[in-house]
């Protein structure tokens, strides 16, 4: 067999994901990055708390984690380095279309409400139990 055929067989026959240890289930680890500056001013804690209470909590009543961070990036056009206080929200659940729709809904709602260019998103396969 040629190397290409062997590579093809290895990819086709490989499991979609590694098995989780006993007592854990496959899930998706979702991390969202929310900048806290709007029009040169920091978004008030009360406004963030209201967003979490009215948007995030109804979509994830079983739980999520939020922590403070400091974000840094380089502007695409100007190459200027920007920094701003941020919040990071993490959710771990089974990877479903419903989960991904909820994440999209949260991102869009935050962008609309706080006039944000984007909300960062990172997803990672994981195993876990709660």
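Each reported figure results from applying straightforward, stated rules to the coordinates on display, with no laboratory input. Quick caveat: nothing in here was measured; it's all calculated off a predicted structure. Quick reminder, even Gly has a Cβ in these numbers, built from the backbone with ideal geometry, and neighbours come from all protein chains shown.
What percent do you get for the relative contact order of the chain when only Cα pairs under 8 Å and 6+ apart count? Display every interim value, and only then the final one.
Numbers: 154 pairs, mean separation 53.0, N = 130.
Across the chain, relative contact order equals 41 percent.
Restricting to DSSP H runs of at least four residues, report the calculated mean residue ellipticity at 222 nm for the chain, -39500 (n - 2.57) per run over all residues, nearest 500 deg cm²/dmol. Please report the intermediate quantities before stating the final value.
Working: 3 runs with 36 residues, N = 130.
Using -39500 (n - 2.57) per qualifying helix, the result is -8500 deg cm²/dmol.
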Q: Mind pulling the angle between the C-alpha long axis of helix 3-13 and the longest principal axis of the chain? Nearest 10 degrees, somewhere in 0 to 90.
A: 70 degrees
**Q.** Label point distance in nm, residue 108-residue 45, each placed 7 Å from Cα along Cα→Cβ
**A.** 3.2 nm
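Fewest first, what order do 129, 86 take by the number of other Cβ atoms within 10 Å? Before the final figure, lay out each step's value.
Numbers: 129 11, 86 18.
The fewest-first ordering by Cβ neighbours comes to 129, 86.
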Q: Consider the candidate values [x] 17.3; [y] 15.7; [z] 15.4; state which one is Kirkwood radius over Cα pairs in Å computed from the structure displayed.
A: [x]
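By how many nm would the segment from residue 53 to residue 78 grow when fully extended, if each residue of separation counts as 0.36 nm and the alpha-carbon distance is taken off?
Details: separation 25, 0.36 × 25 = 9.00 nm, distance 3.63 nm.
Result for the pair: 5.4 nm of gain on full extension.
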Q: For helix 97-114, report the angle its Cα long axis makes with the longest principal axis of the Cα atoms of the chain; keep it between 0 and 90° and round to the nearest 10°.
A: 20 degrees
